[in-house]
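Each remark here refers to the structure printed beneath this line.
The values are calculated or read from the model by the stated rules, or taken from the named source; none is laboratory data. All figures in this text were calculated on a predicted structure; none of them were measured in a lab. Using ideal geometry, Cβ is built from the backbone for each residue, glycine included, and neighbour counts are taken over all protein chains shown. For the accessible areas, the whole protein counts, side chains as well, though only heavy atoms, and no ligand, DNA or RNA atoms are used. Shrake-Rupley method; radii C 1.70, N 1.55, O 1.52, S 1.80 Å.
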Amino acid sequence: MNDKFDVIFIGAGPAGYVGAIRAAQLGLKTACIDAFAGKDGKQALGGTCLNVGCIPSKALLDSSRQFHNLTSHFDVHGISADNPRIDVPTFVGRKDKIVKQFTGGVATLFKANKITPYFGTGKLLKGNQVEITGNDGSKQTISATNVVLASGSVPIELPFAKFDGKAIVDNAGALDFTEVPKRLGVIGAGVIGLELGSVWKRLGSDVTILEALPDFLGVADPDIAKVAQREFKKQGLDIKLGAKLGKAEVKKDGVHLTYSDKDGEQKLVVDKLLVAVGRRAYTAGLLADDTGVKLDERGRIVVDEHCHTGVDGVWAIGDAVRGPMLAHKGSEEGVAVAEWIAGKAGHVNFDTIPWVIYTEPEIAWAGKTEKELKDAAIPYRVGSFPFAAIGRAVAMNEAVGQVKMLAHAETDRILGVHMVGPGVSELIAECVVAMEFKGSSEDLARIVHAHPTLSEAVHEAALSVDKRAIHKGN
Ligand code: FAD
Ligand code: NAD
């Protein structure tokens with residue numbers, strides 16, 4: 001049977017499943033194909049994000065944070081516990097339950113929205129036909145007026161440190177250790193390395209992170225990265241910059257690493273090695289040779305600003321295309337494409353996509369960095385405010401970090417906000433709203449912020465742009 005749809009999404013990650021729901025809401029007959037199988041072998045909708053990415057990593061970050069607070073931070077509050085221990089199967093099991101709850105939730109949402117799910121690998125054929133190969137090898141072909149490619153991304157593998165799923169692992173492996181590795185090596189001090197490195201460090205691993213670049217967290221504002229680096233060092237994360245891995249050999253007593261840094265060749269032995277050196281668009285088996293869909297030099301599906309591939313009725317979204325590899329970016333593209341297909345005005349503003357790194361302290365930013373403004377010769381003013389002067393942060397015993405705001409020197413329009421500190425994953429939302437509304441630092445400065453809250457740091461940073469912060473010298 002050749003089922004015919006208005007739109008087929010290939011991939012049910014946050015880009016594909018959210019787009020599918022929006023398409024169904026708009027009255028389009030919608031199908032969504034996904035190949036991901038959960039630990040029980042059944043279809044697990046939600047892609048990388050729900051299965052082995054955002055949600056499970058945040059579950060482990062939260063559990064490990066509770067444990068770390070108990071072992072290291074509660075004493076200042078006068079709270080103590082004898083012999084606190086972590087039970088790793090329960091710790092990982094809680095994460096698995098959360099994953100199941102959310103992947104099952106997507107299946108329920110599909111049912112409620114009358115979206116037809118297919119379990120298997122979808123391949124786009126010429127003429128908007130899609131061949132689905134089931135996990136049992138069975139084949140069927142369905143077709144649609146529109147096909148949206150949302151096949152996501154996979155971890156980059158280093159040829160000299162190949163994943164074996166046991167000693168050398170990717171993000172999925174590092175979410176599923178059965179015991180706390182005594183010595184954990186991490187290649188790449190990027191988002192995954194810092195988040196998952198923090199998880200296992202908090203449970204007692206000796207964590208060494210090897211980062212090839214000489215600067216720490218080059219994607220973030222340098223002032224913010226500096227604070228984060230100092231705090232991670234205090235926590236005992238051993239981050240070695242300018243460290244280039246040459247070899248990783250799995251031996252009986254661990255993974256033997258050879259790397260070079262400014263002092264020459266170095267050796268390190270670890271029990272587990274997490275390789276987190278970035279992700280690449282995943283398009284294996286996705287496209288028949290004659291579809292006309294193009295890939296760029298990095299293997300990403302080429303699209304225009306409307307996520308259109310240039311082939312009639314074929315669109316692509318999420319990690320498989322240009323732009324940051326973030327769940328919310330993919331979801332918004334999914335919604336926008338559904339709306340464009342339905343003849344409505346879809347919209348994604350790339351200038352205000354927030355980034356959050358869920359370490360402790362958290363790191364968050366949106367908009368331009370100071371360097372980007374300098375390079376573009378855009379005149380700006382800077383305001384900043386430390387959490388050390390925020391009553392709520394001090395009361396929480398988490399008075400670390402700052403909010404830094406960049407506003408246009410002439411128009412005062414907010415161009416970027418960069419934060420490191422407690423709760424900044426939530427505080428950034430206020431700044432994104434202000435930026436979306438083309439707000440100025442003066443707008444935020446004039447808004448009443450509840451006292452005592454962490455959001456007062458945003459208020460004071462906005463006041464500080466005009467050198468009138470109240471609780472610090474200007
Ligand atoms: P994916 O989520 O990768 O989903 C693609 C889906 O398509 C997969 O299920 C795949 O199996 C399926 N598929 C691929 N090809 C085919 C095919 N031919 N046929 C059928 N199915 C196919 N982002 C954030 O914003 N916040 C975070 O906190 C965050 N944390 C992360 C933590 C980790 C450890 C990792 C690895 C990533 C994290 N990310 C986070 C990134 C986020 O997971 C991705 O940006 C997001 O999942 C991309 O969504 P997507 O729908 O484009 O692709
Ligand atoms: P990343 O790009 O964040 O970091 C990779 C790091 O590895 C970089 O610092 C890079 O310089 C370094 N590196 C590259 N090759 C190396 C080598 N040979 N030796 C040593 N270091 C090397 O990539 P990631 O941490 O793998 O995460 C992938 C993507 O997933 C992120 O960029 C992000 O888009 C997404 N993600 C987002 C979140 C979040 O939003 N909180 C969390 C996890 C992942």
**Asked** To the nearest 20 debye, what is the magnitude of the charge dipole of the chain about its Cα centre, counting +1 on the Cβ of each Lys and Arg and -1 on the Cβ of each Asp and Glu?
**Response** 640 debye
**Request:** Which order do the peptides 20-28, 428-436 take when ranked by the mean count of other beta-carbon atoms within 10 Å per residue, highest first?
**Result:** 20-28, 428-436
**Prompt:** Given R₀ = 22 Å, FRET efficiency for residue 111-residue 172 by Cβ-Cβ distance, to 0.05?
**Reply:** 0.20
**Fill in**
So, with points 7 Å from each Cα along the Cβ direction, the residue 288-residue 260 label distance in nm works out to 4.9 nm
**Prompt:** So, with a 1.4 angstrom probe, what is the percent of accessible area on the chain that is carbon and sulfur?
**Reply:** 53 percent
**Asked** Roughly speaking, what is the stretch gain from residue 83 to residue 157, that is 0.36 nm per residue apart minus the C-alpha to C-alpha distance, in nm to one decimal?
**Response** 22.7 nm
**Asked** Within the chain, which complete DSSP H helices have Cα atoms spanning at least 24 Å along the helix axis and a mean Kyte-Doolittle hydropathy of 0.0 or higher?
**Response** 88-112
**Request:** Treat each spin label as a single point 7 Å out from the Cα along the C-beta direction, and report the residue 223 to residue 345 distance in nm.
**Result:** 3.6 nm
**Request:** Work through the residues other than residue 46 whose Cβ is under 15 Å from its Cβ and net out their charges, Lys, Arg +1 and Asp, Glu -1.
**Result:** +3
**Estimated 222 nm signal from helices in the chain, with DSSP H stretches of n ≥ 4 weighted -39500 (n - 2.57), rounded to 500** = -9000 deg cm²/dmol
**Request:** Find out how many positive minus negative residues lie around residue 198, taking Lys and Arg as positive, Asp and Glu as negative, among other residues whose Cβ is under 14 Å from that of residue 198.
**Result:** -1
**Item:** Lysine pair number, Cα distance threshold 27 Å (strictly under), the stretch 9-106, separation 8 or more or different chains
**Value:** 13
**Item:** Candidate lysines for bridging to residue 252, where Cα separation is under 18 Å - those fewer than 8 sequence places away on the same chain excluded
**Value:** 162, 166, 182, 267, 272
**Item:** Label-point separation, residue 308 to residue 212 (7 Å along Cα→Cβ), nm
**Value:** 3.7 nm
**Request:** Determine the distance separating the Cα centre of the stretch 264-314 from the Cα centre of the stretch 90-150; give it in Å without decimals.
**Result:** 20 Å
**Message:** Just to check, using Stokes-Einstein with a Kirkwood Rh over alpha carbon pairs, what's the diffusion coefficient of the chain at 10 °C and 1.306 mPa s in µm²/s?
**Reply:** 66 µm²/s
**Complete:** Of all trypsin sites (Lys or Arg not before Pro) in the stretch 237-308, the ones in DSSP coil with at most 11 other Cβ atoms within 10 Å are 252, 262, 298
**Item:** Euclidean distance of C-alpha centroids, the stretch 315-381 and the stretch 23-68, integer Å
**Value:** 21 Å
**Message:** Report for the chain the percent antiparallel among DSSP-assigned beta bridges with both residues inside it, nearest 5.
**Reply:** 65 percent
